[in-house]
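Where a number appears in this text, it was derived from the coordinates with a stated rule and is not lab data. Bear in mind the structure is a predicted one, so any value in this text is a computation, not a measurement. Note that we place each Cβ from the backbone using ideal geometry, even for glycine, and neighbour counts take in every protein chain shown.
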Amino acid sequence: MKRREFLKAIFAIPIGVSLLSFRRREKEITVLETVVAGFQYYEGEKVWKSLSAGTRLTLKREPENPYDEMAVAVYSGSRKLGYLPRMDNTTTAQLMDSGSKAYAVITHTNRSDNPWERVSLKVRARV
């Protein structure tokens with residue numbers, strides 16, 4: 001082995017190891033536990049039978065929403081169920097705006113006359 005090859009081999013090991021340690025490691029965290037707001041105004045009743053604890057839901061930001069610039073809509077497939085409540089949506093909206101992936105998981109469903117009690121969920125994000 002030539003001297004130059006030997007030196008390249010020795011110096012390549014620490015550089016490779018140190019570069020691996022700088023990779024960003026994503027963690028998944030629970031951001032919020034809340035309910036679906038506006039359930040009675042969207043398509044929740046149409047998909048009610050398919051909703052149960054553990055069902056994963058999609059979250060979509062709606063920054064152009066005329067009523068709430070921090071609006072985060074909740075979907076089951078292509079069906080809108082409602083929104084994260086305005087009083088709870090700021091942190092999730094900011095995480096999504098900064099590039100974090102967020103989703104929701106149903107924690108509880110309830111056949112209640114009060115739409116605020118119909119679907120409880122947990123918002124999860126990769127940060």
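Worth a mention:
- Rounded FRET efficiency, nearest 0.05, which uses the C-beta distance separating R25 from K46 and R0 of 30 Å: 0.15
- Taking other C-beta atoms within 10 angstrom as a stand-in for reagent exposure, T92, T109, T30 fall in the order T30, T109, T92, fewest first.
- Given +1 at the Cβ of Lys and Arg, -1 at the Cβ of Asp and Glu and no other charges, the dipole of region 55-108 around its Cα centre is 320 debye to the nearest 20.
- Diffusion constant of region 26-126 at 4 °C, which comes from Stokes-Einstein with the Kirkwood Cα-pair radius and 1.567 mPa s, µm²/s: 97 µm²/s
- About the Cα centre, charge dipole magnitude for region 26-126 (Lys/Arg +1, Asp/Glu -1 at Cβ), debye: 440 debye
- Label separation (V105 vs E33): 1.3 nm, computed from points 7 Å beyond Cα along the C-beta direction.
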